[in-house]
Amino acid sequence: MESYKLSANLMGHNLDVRGIDYDQNNNIVSASRDSTVISWKKNIDNTYEPEFNYAFHKGYVICLYYLKPNSQYPKGLILSGGVDKTINVFEPESTEPLYILIGHDNTVSSISSTPDGSIISGSWDNTAKIWKNWNCQYTLKGHTLAIWAVLGLSDNKVLTASADKSIKLWENDKCLHTFVGHADCVRGLASISDNKFVSCSNDGSLRIWDINGDCLNELYSHTAFVYCVKYNAITDEIISCGEDRTIKIWKDNECKQTISHPAVSVWCVQVLQNGDIVSGASDNVIRVFTRSTERLASDELIKQFEDSVSNFAVASDGSNIDKNEIKDKSFLDTPGKKDGQVAMIKNGKDVEAYQWSNTDQKWIKVGVVVSTSSNKTLFEGKEYDYVFDIDIGDGSILRLPYNATENPYQAAQEFIWKHELSQDFLDQIAMFIINNSKPVVLDQNTTKSTAATPFTSSRYVPGGDNNSYNSTAATPFTCNLTYNLVMIDGYTIFKVGDAVKIISKIIEFNDKIKIEIPEKSLNDDDINTLSELNTMFENPSVESFKKVFNQKHINTIKKICIEWPVNYRFPCIDLLRMCSIYTAQPIQDNNKEFIIELLKSNFSVSSKDISNESNKFSVNCRMFILRFISNLFASKIGRDFINENINLIIDCIEKTANDNSNKFFKFALITTILNFTVLIKGTDDYEHAFQLLELLNNAMENETFSDNQFRIGIAVGNLLHYYPSMKEAASLLNNVSSIISLYKQSADEKVKDVAMELKQLL
């Protein structure tokens, strides 16, 4: 069979194209993160031009569906869903919505229909809804995380796929079966026959299932997340696309063709009635590919596309290519072993990436391999002045690219959209960019951070990867601290976090507990309690927690934090930390004993007395406990609890003050000490002031992380300002006495500023 080649480019969107569908005339409809839906009219020469622009969503559009014509709507209907939680229903020739479906509590991520015309929608609120006559008939509840895909099988049976790694079959609103097998988020579904369907996942695989629950085949060729899958009934082929910037065509369980794109991601794919394939990508372009010679693009346009693919920069640090397997050009005379096989070829000073095409029986150049060791930082195929590491609060590190000529707020907004974060973070991220970047002359070379750490949407990493955290890293907390003075009056808290990922990790660990210690596993009531917490954190506030949060939530958290083995506790301790932002119940009344027990059980021995393997998990638990304690400083009830137990808490800190193995733990430790220096100001509490000074002296040992140096300097400054008689004691402590000379050598300006102000104090 002939291979697919470019037929047309459709350019009109300003941001990523997230959804593609078509009408009965093969006219294309597209949805984008630029908040618009566009219908494209096909011309006689096989080109397309924008016909209608449906700009009604508030925020980016994430999914799209064309409802086939019926007697009431002879031209069909266009349905779109997005971050504004609504579904807009348009008649194709009207840019005003005919209906707006309201009911979901979070982003609408997927839309489909049943044969009788009922609408199915999936949302990040963990539910799917079935709409009949534009009213919600059923709400499907059962998934524990966001729903990414929905599919109508018959008038009363539908499939839903979720970030909880499962697929569910529903009859009306009853779950008939749960399909389990994928190792990560399930992102797409497509029907193959009445009894078979295919799914795709962030685990890089496609799975073919029968309706009874058996996995018939697993398909592997993608090297990253697989975002979308479709079935071509005419050719009996499966079409998929994903984060590896490719479309793949599958036949008889084998990948027959790979189509690379000059983009970071191919978000969506669709098969037209004539068999052509349409893709939507992160470069804002829609592309049509065909096997028909009559519909091929001009030779010039095809060459432009092939050149853009072959010249697309591929980061050697982040690709799936083994750098030790670089071949000379003679290797290209050897046939590849399978479609999509990648080879690195030395061509003069350059290294080029080639991909084997089964259909063309030749190697096709798909990129130029670029080292990320240059002065500018390569990220996702482009060079930037800065690539910041951002800790979003649960330890996961995300990469934020930024050029000095950009608007910081626009860069922050793009980052929020890309990683689907809360809009509440906009000002915080923008101010971080402003504070951590300097205006530069165009083309100025500036040394930046190391290669990217891949972000997996279901990944929950306590404290993050130390090796990827560097001096340009984001401060992973929300604080009211400014550094034009050494002394501060406010408390620093750890506010940012992702409850969805945290709770997902708890559920994952519970599956292991069921096998290892079944009597300690969570029951159905506990699981429901976690689900309630998940819902609370969708729009958290002090008022909402006051209404809903109660003792049963604390009891479930307590059960995990106290009864589970130490290597499974840390996500729940982090969940406790997040709850403490909105409620003081965990430290009130009888719950105080729970927190005291939590401290004693996790800080019962010094770090040096714990084995390396045990220490890894113990450090995670201690880190999140210290973050929790830091959050308590923000309320009077919390400060009262800390004052009541100040000796116990400082004793716990003393047992871990010399642990330098984890930057994130050290950061939490220093932040807690910093908050203590604010707490005891003006109290004449010299006993604890001296303890804190000694702890800071120990914390300075071999400390090179500038954010930690900065906070140590502020904490020392607080003590010397409020307790002037301690200056002599400070001069006797080796690290504290040398702080000024050490900090003046720092490359970080804010650390140098602290050193100068400390010099005045001393």
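The values are calculated or read from the model by the stated rules, or taken from the named source; none is laboratory data. Just so it is clear, the model here is predicted, and its values are computed rather than measured. Backbone-built Cβ (ideal geometry, glycine too); neighbour counts: all protein chains shown.
S162 falls short on exactly one of the conditions (1) closer than 16 Å to F225 by Cβ; (2) modelled with pLDDT of 95 or more; (3) of a type in the set (S, T, Y), and that condition is (2). Residues that are of a type in the set (D, E) number at least 1 in the following helices (runs of 4 or more DSSP H) confined to region 511-590: 524-536, 542-548, 566-579. Across region 152-205, the qualifying residues are those that are aliphatic (A, V, I, L, M) and assigned to a loop (DSSP other than H, G, I, E, B), and the one among them that is nearest to Y66 (Cα to Cα) is L153. Determine whether region 616-632 contains at least one residue that is of a type in the set (G, A, S), surrounded by fewer than 21 Cβ atoms within 10 Å (Cβ to Cβ) and either assigned to a helix (DSSP H, G or I) or modelled with pLDDT under 90 (or both). Taking every residue of region 616-632 in turn, none turns out to be of a type in the set (G, A, S), surrounded by fewer than 21 Cβ atoms within 10 Å (Cβ to Cβ) and either assigned to a helix (DSSP H, G or I) or modelled with pLDDT under 90 (or both). Look at region 126-137: where a residue is loosely packed, with under 13 Cβ neighbours inside 10 Å and a partner is not in a loop (DSSP other than H, G, I, E, B), sitting 6+ places away or on another chain with Cβ atoms under 9 Å, you get W134/V89; W134/Y99; W134/L101; W134/I119; N135/L101. Only residues that are touching a strand residue (DSSP E or B) at 6+ places or on another chain (Cβ under 7 Å) and modelled with pLDDT under 95 were counted in region 282-291, giving 2. Considering region 30-74, the residues that are among the polar types (S, T, N, Q) and touching an Asp or Glu at 6+ places or on another chain (Cβ under 7 Å) include one that is nearest to S121 (Cα to Cα), namely S32. Among the conditions (1) within 26 Å of G152 (Cβ to Cβ); (2) under 25 Å from the mean Cα position of the chain (by Cα), the only one that N25 does not satisfy is (2). Given the criteria in a helix (DSSP H, G or I), of a type in the set (S, T, N, Q), modelled with pLDDT under 75 and more than 21 Å from L648 (Cβ to Cβ), does Q760 qualify? Spelling it out, Q760 is indeed in a helix (DSSP H, G or I), of a type in the set (S, T, N, Q), modelled with pLDDT under 75 and more than 21 Å from L648 (Cβ to Cβ). When restricted to residues that are in a strand (DSSP E or B) and over 18 Å from A499 (Cβ atoms), region 125-140 contains 11. Just one of the listed residues (L679, L696, L674) is surrounded by fewer than 23 Cβ atoms within 10 Å (Cβ to Cβ), under 37 Å from the mean Cα position of the chain (by Cα) and modelled with pLDDT of 85 or more, namely L679. Restricting attention to region 232-245 and to residues that are buried (at least 19 other Cβ atoms within 10 Å of the Cβ) and at pLDDT 95 or above, the residue that is farthest from S32 (Cα to Cα) turns out to be E237.
Considering region 209-230 alone, what residues qualify as being more than 19 Å from the chain's Cα centre (by Cα) and crowded, with 19+ Cβ neighbours inside 10 Å? Those that are more than 19 Å from the chain's Cα centre (by Cα) and crowded, with 19+ Cβ neighbours inside 10 Å: W209, L219, S221, H222, V229, K230.
Within region 33-51, being hydrophobic (A, V, I, L, M, F, W, C) and either modelled with pLDDT of 95 or more or in contact with a Pro (Cβ under 7 Å, 6 or more places away or on another chain) (or both) holds for V37, I38, W40. A count restricted to region 40-68 and to residues that are under 16 Å from G280 (Cβ atoms) and of a type in the set (A, V, I, L, M) stands at 3. Kindly indicate the residue of region 78-99 that is assigned to a strand (DSSP E or B) and not aliphatic (A, V, I, L, M) and also surrounded by the fewest Cβ atoms within 10 Å (Cβ to Cβ) among those meeting that condition. Once the filter is applied, the top-ranked residue is Y99.
Being under 23 Å from N232 (Cα atoms) and out of contact with any strand residue (DSSP E or B) (no Cβ under 6 Å at 6 or more places or on another chain) is not true of D164.
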